[in-house]
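Worksheet: the structure to be examined is printed underneath.
The values are calculated or read from the model by the stated rules, or taken from the named source; none is laboratory data. These numbers were taken from a predicted model, which means no experiment stands behind them. With ideal geometry, Cβ positions are generated from the backbone for all residues, glycine too; neighbour counts draw on all protein chains shown. For the accessible areas, the whole protein counts, side chains as well, though only heavy atoms, and no ligand, DNA or RNA atoms are used. Shrake-Rupley method; radii C 1.70, N 1.55, O 1.52, S 1.80 Å.
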Amino acid sequence: MAQAAAVPLASLPAYPKFVIHAEPNSLFQRWGKWKRGFENLMTAINVGNQAQKRAILLYFAGEEFGEIFDTLPNTGDTCISAIAAFDVCVSPQKNVEFEIFKFRQAKQEPDENIDTYHTSLRKLSENCKFADKDREVKSQIIQGCVSSKIILKALQNPSQTLDQLLTMARSFEVSEIQAGNITKEKDLETVHQIRVGNDPSSGRKCWFCGRRYPHTGSCPAKGKSCSNCNKLHHFAAVCHSKPADRRSDHSTSMLNKDHSQPVT
């Protein structure tokens with residue numbers, strides 16, 4: 001097999017060292033991010049030889065990484081074996097039963113949509129070693145979602161897949177949002193109508209003549225006697241008094257003239 005051409009160090013682009021002791025609690029996650037970036041870089045500069053990639057890996061990772069790496073078993077002579085050896089070193093030891101417990105306790109939050117809840121369950125299931133991850137996630141969605149409609153629909157169709165359940169749940173969420181918007185608009189319109197009906201300045205009809213308000217001039221009822229109660233300044237169509245006694249029509253009319261207030 002032909003030997004791969006040497007890659008001059010000067011031609012290598014800059015890449016950050018892997019700092020091991022910066023945040024011990026996030027070591028595994030940071031290592032995963034660092035090695036993904038390294039693999040992307042190797043692809044970009046077209047380095048495919050495993051021995052070369054291993055050497056560049058150790059060069060980029062830095063002295064601190066190298067000190068630990070030299071103590072590891074089964075590092076091999078390829079980049080793949082070197083990465084696998086360090087994966088074992090930094091991989092956190094998980095208590096599977098506790099991970100399953102955390103998964104079972106995960107409930108959908110009131111303001112959390114079904115896709116966000118599904119993503120959260122996916123992440124929690126990574127360390128549970130489930131034989132059928134989709135089945136377990138589907139079961140937890142049914143048990144932990146906040147919508148009773150989704151639960152009922154899922155129980156009515158137990159043979160549906162996880163993808164079918166998610167599609168149905170999304171449809172319910174969209175319908176509930178749309179229904180809420182419609183109800184909100186109706187409530188606002190009802191409030192508006194109540195306010196308009198209680199406000200004589202913005203009402204559709206004048207309290208004194210029963211015609212459209214505001215008037216272009218004086219109220220048509222100004223100075224007019226009501227044929228129902230004989231009082232001034234309103235028409236019988238909007239009168240709220242009981243019919244007056246005909247024998248007191250004249251005296252009532254005269255009394256109103258003496259004590260009446262101007263109407264505009």
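So, with a 1.4 angstrom probe, what is the percent of accessible area on the stretch 89-144 that is carbon and sulfur?
47 percent
What accessible area, in Å² to the nearest ten, does a 1.4 Å probe give for residue 15?
Here the residue's solvent-accessible area equals roughly 50 Å².
Which pairs in the list 33/102; 35/129; 17/129; 33/153; 17/107; 123/153 are over 30 Å apart, alpha-carbon to alpha-carbon? Don't skip to the answer; put the middle values down first.
Values: 33/102 25 Å; 35/129 24 Å; 17/129 33 Å; 33/153 40 Å; 17/107 39 Å; 123/153 25 Å.
Beyond 30 Å between Cα atoms: 17/129; 33/153; 17/107.
Excluding residue 175 itself, calculate the net charge of residues whose Cβ lies under 14 Å from the Cβ of residue 175, where each Lys or Arg counts +1 and each Asp or Glu counts -1.
+1
In whole Hz, with x marking every Gly and Pro, tabulate ³J(HN,Hα) for the stretch 217-223 from phi via Karplus 6.51 cos²θ - 1.76 cosθ + 1.60, θ = phi - 60°.
Using θ = phi - 60°, the values come out as x, 6, 5, x, 8, 4, x Hz.
Tell me which residues come under 5 Å, amide H to amide H, from residue 205 once H is placed; ignore anything under 5 positions away on its chain.
Sorted by chain and number, the residues that satisfy this are 213.
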